[in-house]
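Enquirer: Before we start, here is the structure in question, set down as structure tokens.
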Amino acid sequence: MMMKFLFMMFFMIPLCFNLNMYWMVQMMMFLMMFMFMNMTLNIESYCNLSYMYSFDILSYGLILLSIWICILMIMASENLYKMNYYINLFLFNMVFLLIMLFMTFSVMNLFMFYLFFEGSLIPTLMLIIGWGYQPERIQAGLYLLFYTLFVSLPLLLGIFFIFNKMDYMMIYFLKFFNFDMYLLYFSMIMAFLVKMPMYFVHLWLPKAHVEAPVSGSMILAGIMLKLGGYGLIRVMILIQELGLKFNIIWISISLVGGFYVSLKCFCQVDIKSLIAYSSVAHMSMVIGGIMTMNYWGFIGSYILMIGHGLCSSGMFCLANINYERLHSRSLYINKGMMNFMPSMSLWWFLILSSNMSAPPSLNLMGEISLINSLMSWSWVSMLMLMLISFFSAGYSLYLYSYTQHGKFYSGIYSFYTGVSREYLLLMLHWLPLNILVLKIDYVMIWF
């Protein structure tokens, strides 16, 4: 069952190198998306099992998100198509990345998961270095590479150690075992915490976002950060016992770091940088939810991961739309946009309101679950949760009012509204984010 999607993606590769097939690749992805949506999903357990692939509700949602974000990335990068800037390689990169992500979320084998988890780094790196905007993108790429690789080797050793002890690596069966080993705990968990990224190891993220093209930012915010959360949920089963001792460390760092990063958002002058830091703040709550190891925490982190994937991606699209008009991402120049692109203000408002967890977005649902989870774990966390939620609304409002209101820079000529492709792009971000709440029962009943 899962193999057909893999073959479909492999057969999309020759399509990438064909002339004038830019939108065709996107249409094929749409087709794949709807085929995948119509697959039978068993909520209680793994379904569509084979020797290597299967998915449960967790993988299902994240694979859907991956395909969807890849579709929207192609739509957002029309500028490359107009300039004919290595467009075939770009499409190939997209499809390759999608294959990697699809495999990461659907394989059962722990080693295979590691392989594709690290493999998805390569096309992202290519995107940043090949299509980025400034010469500093090389440095950003190196940051991304070294932060990730430095902690992923211990993860590999940990996986080999488990294989040596157990003689198999199926994720599903490992739930019957509990390893009480300190080094194993840290080696298994650190790679995912850097990928999330947790505060203290988050410095690669704003750098990578600022240098990446719009497609790179969308995939980074939309999917790459979710790989960490997915991995954590999967391996947390192995190390529950030590989790009870040590998880307090990660929760504390995340909550305090989330608050600090929220304050840092107010100091940013680069729009993309602000959005990147807001991602760190949101992901800190996800880490907190997973680390409490209770039911509310798991479902909350899952919902917030999907909500944040759509929302953050949408914000990077908006930042890019401004960048294409003004050729600057500085908040000092992107002012008074309401006069310049009046109808775009609505989309800024809608997507930023979802970012501050206004109903009916998935973010609200996720944050309610996470607050439930963290409060049941310890009521002291209430203090930081209050501050994070408050400042989350704060920087969203700050970004909105700073970009939309005020006197616009006189160097901009007249006004220039968005094109229909951009409005469609933003609608395809915002609509699933707010409509999926109606089907929240699929997510709330898991195990």
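The values are calculated or read from the model by the stated rules, or taken from the named source; none is laboratory data. Source: prediction; values computed, not measured. Reconstructed Cβ throughout: ideal geometry from the backbone, glycine too, with neighbour counts over all protein chains shown. Side chains included, ligands, DNA and RNA excluded: accessible areas come from the protein's heavy atoms. Shrake-Rupley method; radii C 1.70, N 1.55, O 1.52, S 1.80 Å.
Enquirer: Which one of V280, V201 is open to solvent by 10 Å² or more (accessible area, probe 1.4 Å) and not polar (S, T, N, Q)?
Expert: V201
Enquirer: Say whether the condition of being surrounded by fewer than 22 Cβ atoms within 10 Å (Cβ to Cβ), among the acidic types (D, E), assigned to a helix (DSSP H, G or I) and touching a residue at least 40 places away in the same chain (Cβ under 8 Å) is met by at least one residue in region 76-94.
Expert: Yes, region 76-94 contains at least one residue that is surrounded by fewer than 22 Cβ atoms within 10 Å (Cβ to Cβ), among the acidic types (D, E), assigned to a helix (DSSP H, G or I) and touching a residue at least 40 places away in the same chain (Cβ under 8 Å).
Enquirer: Another one. Of the conditions (1) within 30 Å of N322 (Cα to Cα); (2) in contact with a Cys (Cβ under 8 Å, 6 or more places away or on another chain), T40 satisfies every one except a single condition; which number is it?
Expert: So the condition that T40 fails would be (1).
Enquirer: Among the residues of region 209-238, which ones are of a type in the set (G, A, S) and open to solvent by 10 Å² or more (accessible area, probe 1.4 Å)?
Expert: Correct list: empty.
Enquirer: Among the residues of region 108-119, what is the count of those that are surrounded by 23 or more Cβ atoms within 10 Å (Cβ to Cβ) and closer than 22 Å to C70 by Cα?
Expert: 2
Enquirer: Let me ask something else about it. If the requirement is being open to solvent by less than 10 Å² (accessible area, probe 1.4 Å) and over 24 Å from the mean Cα position of the chain (by Cα), which of these qualifies: C47, C70, C16?
Expert: Answer to the selection: C16.
Enquirer: Please state which of the following conditions L242 fails to meet, knowing it meets all the rest: (1) closer than 21 Å to L110 by Cβ; (2) under 14 Å from the mean Cα position of the chain (by Cα).
Expert: (2)
Enquirer: Looking at region 349-360, is at least one residue in contact with an Asp or Glu (Cβ under 9 Å, 6 or more places away or on another chain), surrounded by fewer than 21 Cβ atoms within 10 Å (Cβ to Cβ) and assigned to a loop (DSSP other than H, G, I, E, B)?
Expert: no
Enquirer: Sticking with this one: What number of residues within region 337-348 are open to solvent by 50 Å² or more (accessible area, probe 1.4 Å) and either within 24 Å of C267 (Cα to Cα) or not in a helix (DSSP H, G or I) (or both)?
Expert: Qualifying residue count, region 337-348: 1.
Enquirer: Moving on to the next point. Is it the case, given these coordinates, that N334 is buried (at least 21 other Cβ atoms within 10 Å of the Cβ), farther than 30 Å from I440 by Cβ and out of contact with any Asp or Glu (no Cβ under 9 Å at 6 or more places or on another chain)?
Expert: When the stated conditions are applied, N334 passes them.
Enquirer: Here's another thing I want to ask about it. Counting only residues that are of a type in the set (S, T, Y) and out of contact with any Phe, Trp or Tyr (no Cβ under 8 Å at 6 or more places or on another chain), which one in region 411-437 is most open to solvent (accessible area, probe 1.4 Å)?
Expert: The residue in question is Y413.
Enquirer: Hey, among the residues in region 392-410 that are over 30 Å from E367 (Cα atoms) and of a type in the set (G, A, S), which one's most open to solvent (accessible area, probe 1.4 Å)?
Expert: Taking the candidates together, the pick is S410.
Every residue, every condition in (1) modelled with pLDDT under 95; (2) closer than 30 Å to W23 by Cβ, yes or no:
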| position | (1), (2) |
| --- | --- |
| S396 | no, no |
| S401 | no, no |
| L425 | no, yes |
| V437 | yes, no |
| I440 | yes, no |
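Enquirer: Give K165, K195 a once-over and let me know the one that is of a type in the set (D, E, K, R), crowded, with 24+ Cβ neighbours inside 10 Å and under 30 Å from L49 (Cα atoms).
Expert: K195
Enquirer: Scanning for something closer than 16 Å to G307 by Cα, surrounded by 22 or more Cβ atoms within 10 Å (Cβ to Cβ), modelled with pLDDT of 95 or more and small (G, A, S), does region 370-391 turn up at least one residue?
Expert: The answer is no, given that none of the residues of region 370-391 is closer than 16 Å to G307 by Cα, surrounded by 22 or more Cβ atoms within 10 Å (Cβ to Cβ), modelled with pLDDT of 95 or more and small (G, A, S).
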